1. Would you check if residue B:99 is surrounded by fewer than 18 Cβ atoms within 10 Å (Cβ to Cβ) and free of Cβ contacts under 8 Å to residues at least 40 places away in the same chain?
2. Looking at the range B:4-34, which of its residues are within 14 Å of chain A (Cβ to nearest Cβ) and either surrounded by fewer than 16 Cβ atoms within 10 Å (Cβ to Cβ) or without any contact (Cβ under 8 Å) to a residue 60 or more places away in the chain (or both)?
3. Just to verify a result, which residue in the range B:69-83, among those that are in contact (Cβ under 8 Å) with a residue 40 or more places away in the chain and not in a strand (DSSP E or B), is farthest from residue A:102 (Cα to Cα)?
4. Residue check: is residue B:77 closer than 26 Å to residue A:105 by Cα, more than 9 Å from chain A (Cβ to nearest Cβ) and not β-branched (Val, Ile, Thr)?
5. Looking at the range A:92-112, is at least one residue assigned to a loop (DSSP other than H, G, I, E, B), more than 12 Å from chain B (Cβ to nearest Cβ) and modelled with pLDDT of 95 or more?
6. Being more than 14 Å from every other protein chain (Cβ to nearest Cβ), within 24 Å of residue B:43 (Cβ to Cβ) and in a loop (DSSP other than H, G, I, E, B) is the filter here; which residues of the range A:52-71 pass it?
7. Within the range B:35-49, restricting attention to residues that are in contact (Cβ under 8 Å) with a residue 12 or more places away in the chain and in a strand (DSSP E or B), which residue is surrounded by the fewest Cβ atoms within 10 Å (Cβ to Cβ)?
Amino acid sequence: EAGVAQSPRYKIIEKRQSVAFWCNPISGHATLYWYQQILGQGPKLLIQFQNNGVVDDSQLPKDRFSAERLKGVDSTLKIQPAKLEDSAVYLCASSFWSREQYFGPGTRLTVT
Amino acid sequence: GQQLNQSPQSMFIQEGEDVSMNCTSSSIFNTWLWYKQDPGEGPVLLIALYKAGELTSNGRLTAQFGITRKDSFLNISASIPSDVGIYFCAGHSTDSWGKLQFGAGTQVVVTP
């Protein structure tokens, strides 16, 4: 069974630029999550989708972050404009019953 | 923010030694998950626990769901070099179902 796919793996941008990350969940997983992981910390949930609807986006900085999952499968997370403090690893995860979450390899973002 | 207290923060052990780490919360949890994260990769699910008192093994790893439902423990027996990494506890509390909370992680370093 293929795992969660993410791209790109690494991205370096200057502050105020925009960036987008892509995620393809495990086949059949209706729930998709985006997390932000700052160095030395555990992942922090940004947004949770159930199929193509948003379940929880309470910790998503909506003035600069946006995410969509239009067809209920893959998803994109966008940051516009980026700030220095957005430097982190962005993890995508998926689950079948909202219990066991399976993570992708992440995208390491560096904002200079 | 994180409500889980994970300890120790780091461990330096010799190959062959056993490792113990734990996670405590102020809330009652109905799920405990343990993940391992290697550098540059996403967290990989090791063990999932769903009942108070449950004891589950995965090879040399054993985890327990605490009786009070506010803690969990992970043990690694006879450590080997590939056990190096950061171990995260995570769980669903009864008052935030679906939202996975993470500990800050325990970094394990194994010396030959």
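The values are calculated or read from the model by the stated rules, or taken from the named source; none is laboratory data. It should be emphasised that the depicted structure is a prediction, and the values quoted were computed from it without experimental measurement. Here the Cβ positions follow ideal geometry from the backbone for every residue, glycine too, while neighbour counts run over all protein chains shown.
1. Yes, satisfied.
2. Going through the range B:4-34, the residues within 14 Å of chain A (Cβ to nearest Cβ) turn out to be B:4-7, B:9-10, B:21, B:23, B:25, B:29-34.
B:5, B:7, B:9, B:10, B:32, B:34, listed by residue number.
3. Step one: of the range B:69-83, the residues in contact (Cβ under 8 Å) with a residue 40 or more places away in the chain are B:69-81, B:83.
Then keep just the ones that are not in a strand (DSSP E or B); that gives B:69-70, B:77-81, B:83.
Working: B:69: 23, B:70: 23, B:77: 25, B:78: 27, B:79: 25, B:80: 25, B:81: 24, B:83: 20 Å.
Going through the qualifying residues, I end up with B:78.
4. no
5. Checked against the condition, which is being assigned to a loop (DSSP other than H, G, I, E, B), more than 12 Å from chain B (Cβ to nearest Cβ) and modelled with pLDDT of 95 or more, the range A:92-112 yields at least one hit.
6. Matches in the range A:52-71: A:61, A:69.
7. Result: B:45.
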